[in-house]
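> Here it is: the structure, laid out below.
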Amino acid sequence: MRVRTAGAGAGAGAGRTVRRALVAGLGLALVALTPLPAQANATTGAAGEPVAATGAWADPVSVTGAAAAPVDVSGAAAGPVGVTRTTLAADTVIPRGVTVDLVRRTMTLAAGEKRHLRGRLEATSTTTGIVGLTERIRCLDASGRTVPVVAASARNHEGSDTVTYATPGHLPLFADLLFTAPADGTYTCVLQGTAYSSLTGSYHLTAVAGKTWLEADDGDRVGAGWWQNPACESADSGGACTYVGTGPARRDAWVFYDDGTPSRRWQAHPDAVSVSAQANLELTTCYHGTASCATAMQAHPRGKNAVVDARFEFIQLGTTGHACRTHSTTARRTVTDDAHHAVGYSFLTGLPVDPACGTRDFLMRIYVKHVSGQTVKIDGVQSGVTSLTNGIAFNNFG
């Protein structure tokens, strides 16, 4: 996984501009914003700060073709699933260029069992310069091999003197993974942190004890569904990524819908009393000189920043394959060139399954509309295994 950034941020104070001029060649540095507690119609905005969901767009939905076949949800129904949180016991240093295992959870699962894992990594820095911070949730089988998919999110830590985080100098990151056991066996899921930067001198990041944790379901998430958008490598030398912005970029896009993602329906379990859905949308700004976007998409110098509107939709379909009931939440998000990458988290919970629709089939998608500033790249799967933009649907029993 390699997302790169370079150059100094325009509009910052002289001291911070000098520091940022030293930053180049970050590894994966993808922004993560603090999520709200799960509730209907809630979204997130600036790191650590919730924003109200406002605005709406209208668009018909139609799903056709073999690729849209319902997901199999056969098997015994389940009750509510408990969650266990494992917390980092002691502050842990994350040196530059080193991936550090922070928290582990080992589970014995039957083939096909599902677990939702959510990780939180809160980090401080010993430098006022920019350092890329990556969080991953990686699950290993008994032989130590990684079981796809790996979930990741990160942000450029903007320095120990940063006051724009909920707690000054403390950058929180979150990542979500729906893990499905490929076979009977024991699996260990690990929350990892990695720091990247070309700054000179001695410095490191530190994962904060008590604020860094890994949550995992205690039971099977029966019938839960996972979405991820197509391959999109960091440098996008092959032009496979989706962009929204000006120039040759699209003005808007539908993630999981018209971006090359195979069309699919998810079917709520017959015994589910309601359903919930969430999505993590990863965006990258495409300023001049970045190594994270195709050259043709780099329209402005560093410091322009980007503003996008995003709407997360979870749609119950009718018998004709068109929208019957649409649940949505919207947010306007600003992605700064200093952060360079941003993950927006959206949640819709406790949604009723309307029997009048005639089906229990749902479609998930995210509408992304460019408002101003830099063109942005919608990040996808890197190296065939690491998911940066993804969604999960859950059955709620009892």
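> Looking at region 123-142, which of its residues are more than 17 Å from THR206 (Cα to Cα) and either open to solvent by less than 10 Å² (accessible area, probe 1.4 Å) or touching a helix residue (DSSP H, G or I) at 6+ places or on another chain (Cβ under 7 Å) (or both)?
ILE137, CYS139
> If LEU348 satisfies all but one of (1) open to solvent by 30 Å² or more (accessible area, probe 1.4 Å); (2) farther than 22 Å from VAL131 by Cβ, what's the number of the condition it fails?
Every condition holds for LEU348 apart from (1).
> When only residues in region 328-345 that are part of a strand (DSSP E or B) and among the polar types (S, T, N, Q) count, which is most open to solvent (accessible area, probe 1.4 Å)? Show your work before the answer.
Kept after step one, since they are part of a strand (DSSP E or B), are these residues of region 328-345: 328-335, 341-345.
Right, trim to among the polar types (S, T, N, Q) and you get 328-330, 334.
Values: SER328: 41, THR329: 3, THR330: 4, THR334: 91 Å².
Per the stated criteria, the residue is THR334.
> Just the residues that are buried (at least 17 other Cβ atoms within 10 Å of the Cβ), on the phi < 0 side of the Ramachandran plot, not in a strand (DSSP E or B) and not hydroxyl-bearing (Ser, Thr, Tyr), please, taken from region 203-229.
Selection gives VAL208, LYS211, ASP220, ARG221, VAL222, ALA224, ASN229.
> Output the number of the condition that VAL163 fails; it satisfies all remaining conditions of (1) over 21 Å from the mean Cα position of the chain (by Cα); (2) hydrophobic (A, V, I, L, M, F, W, C); (3) crowded, with 24+ Cβ neighbours inside 10 Å.
The single condition VAL163 does not satisfy is (3).
> It is to be established whether one or more residues within region 313-332 are under 16 Å from ASP379 (Cα atoms), within 23 Å of the chain's Cα centre (by Cα) and of a type outside the set (Val, Ile, Thr).
Quick first cut of region 313-332, residues under 16 Å from ASP379 (Cα atoms) only: none.
Looking through region 313-332, none of the residues is under 16 Å from ASP379 (Cα atoms), within 23 Å of the chain's Cα centre (by Cα) and of a type outside the set (Val, Ile, Thr).
> Checking the condition touching a strand residue (DSSP E or B) at 6+ places or on another chain (Cβ under 6 Å) and part of a loop (DSSP other than H, G, I, E, B), which residue from ALA142, ALA152 passes?
Answer to the check: ALA142.
> Among all residue pairs at least 6 apart or on different chains, which show Cβ distances below 7 Å where the first residue, located in region 343-366, is within 13 Å of THR326 (Cβ to Cβ) and the second is of a type in the set (Gly, Ala, Ser) and modelled with pLDDT under 95?
Filtered contacts from region 343-366: LEU348/ALA40.
> Could you list all residues from region 283-327 that are closer than 30 Å to ASP354 by Cβ, open to solvent by 50 Å² or more (accessible area, probe 1.4 Å) and outside any strand (DSSP E or B)?
So the first thing to find is which residues in region 283-327 are closer than 30 Å to ASP354 by Cβ, and the list is 309-327.
Now narrow it down to the ones that are open to solvent by 50 Å² or more (accessible area, probe 1.4 Å): 319-320, 322, 325-326.
THR319, THR320, listed by residue number.
> From ARG145, ARG120, ARG105, grab the single residue that is open to solvent by 40 Å² or more (accessible area, probe 1.4 Å), in contact (Cβ under 8 Å) with a residue 24 or more places away in the chain, among the basic types (Lys, Arg) and out of contact with any helix residue (DSSP H, G or I) (no Cβ under 9 Å at 6 or more places or on another chain).
On the way: ARG145 fails: in contact (Cβ under 8 Å) with a residue 24 or more places away in the chain; ARG120 fails: open to solvent by 40 Å² or more (accessible area, probe 1.4 Å).
Result: ARG105 is the single residue among ARG145, ARG120, ARG105 that is open to solvent by 40 Å² or more (accessible area, probe 1.4 Å), in contact (Cβ under 8 Å) with a residue 24 or more places away in the chain, among the basic types (Lys, Arg) and out of contact with any helix residue (DSSP H, G or I) (no Cβ under 9 Å at 6 or more places or on another chain).
> Next question, about the same structure. Tally the residues that are acidic (Asp, Glu) and open to solvent by 60 Å² or more (accessible area, probe 1.4 Å), restricting the search to region 253-268.
The number of residues fulfilling the criteria is 1.
> Considering region 232-248 alone, what residues qualify as being open to solvent by 10 Å² or more (accessible area, probe 1.4 Å) and touching a His at 6+ places or on another chain (Cβ under 8 Å)?
THR246
The values are calculated or read from the model by the stated rules, or taken from the named source; none is laboratory data. Just so you know, these numbers come straight off a predicted model, no measurement behind them. FYI the Cβ positions are ideal-geometry reconstructions off the backbone, even for glycines, and counts take in every protein chain you see. These accessible areas exclude ligands, DNA and RNA; they are computed on the full protein's heavy atoms, side chains included. Shrake-Rupley method; radii C 1.70, N 1.55, O 1.52, S 1.80 Å.
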